[in-house]
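Let me begin by presenting the structure, written as structure tokens, before commenting on it.
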Amino acid sequence: EVRNTMRKELRILETLSPISENHRFIFHTRVIDQQESKQAGDSEDKSRARNLFWQWGHLEEVRGGLPHDDRIDALEMASRYLTDTISRNAANEKRKRELEDIDEWCTDNNTEAGGWCSFDLGQSSAYL
């Protein structure tokens with residue numbers, strides 16, 4: 001479950017702007033084609049307002065500035081989830097490398113140190 005605590009427009013801009021500015025979005029041609037298709041009974045204006053790229057291009061910090069913001073909101077939530085996951089995985093990998101370095105140091109120096117260094121990678125703890 002996702003709970004958002006800040007204004008939707010600001011949250012969307014805060015999440016998508018850095019990714020967009022670094023040209024990190026890649027859209028499958030099928031997504032682009034789906035945005036161009038109209039739903040039965042929709043007027044031209046309503047169809048345009050439901051288009052992801054139109055929503056993105058017309059998003060402002062003003063509350064309620066878009067008549068429909070469902071697609072840009074979904075893109076923001078997916079982007080935030082992936083960004084958070086990648087960041088978390090990178091932090092975990094960094095911590096794992098640091099612990100492996102400590103383990104290597106303990107192993108290399110344990111005989112010289114008289115056995116005062118112990119390390120357990122499974123517990124992620126070291127006693128020096």
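The values are calculated or read from the model by the stated rules, or taken from the named source; none is laboratory data. All values derive from a computational prediction rather than experimental measurement. Neighbour counts are summed over all protein chains in view; Cβ atoms, including those assigned to glycine, are modelled from backbone coordinates with ideal geometry. When the accessible area is computed, the model is the full protein with side chains, heavy atoms only, and any ligands, DNA or RNA have been set aside. Shrake-Rupley method; radii C 1.70, N 1.55, O 1.52, S 1.80 Å.
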At a Förster radius of 41 Å, what calculated FRET efficiency corresponds to the Cβ-Cβ distance of ILE19 and GLU104, to the nearest 0.05? 0.65
Where the centroid of each part is defined by its Cα atoms, how far is the stretch 55-78 from the stretch 1-53 in Å? 6
For MET6 and LYS46 in the same chain, what is the full-extension length gain: residue separation times 0.36 nm, less their Cα-Cα distance, in nm? 11.7 nm
Loop chymotrypsin sites (Phe, Trp or Tyr not before Pro), the stretch 1-54 (other Cβ atoms within 10 Å of the site Cβ: 13 or fewer; DSSP): PHE25, PHE27
Dipole of the stretch 16-110, positive direction: furthest Cα of PHE27, GLY65, ALA49, with charges on the beta-carbon: ALA49
What does the accessible area of ASP84 come to, in Å² to the nearest 10, when a probe of 1.4 Å is used? 80
Please give the FRET efficiency for ARG63 paired with LYS94, using the beta carbon to beta carbon distance and R0 = 30 Å, rounded to the nearest 0.05. 0.20
Karplus (6.51, -1.76, 1.60) ³J(HN,Hα), θ = phi - 60°, over the stretch 27-37, in Hz, Gly and Pro reported as x: 10, 5, 4, 4, 5, 5, 5, 5, 5, 7, 7
Given charges of +1 on the Cβ of Lys and Arg and -1 on the Cβ of Asp and Glu, with all other atoms neutral, how large is the dipole of the stretch 25-75 about its Cα centre, in debye to the nearest 20? 120
Protein chains only, probe 1.4 Å: how do TRP56, TRP105 rank by accessible area, largest first? TRP105, TRP56
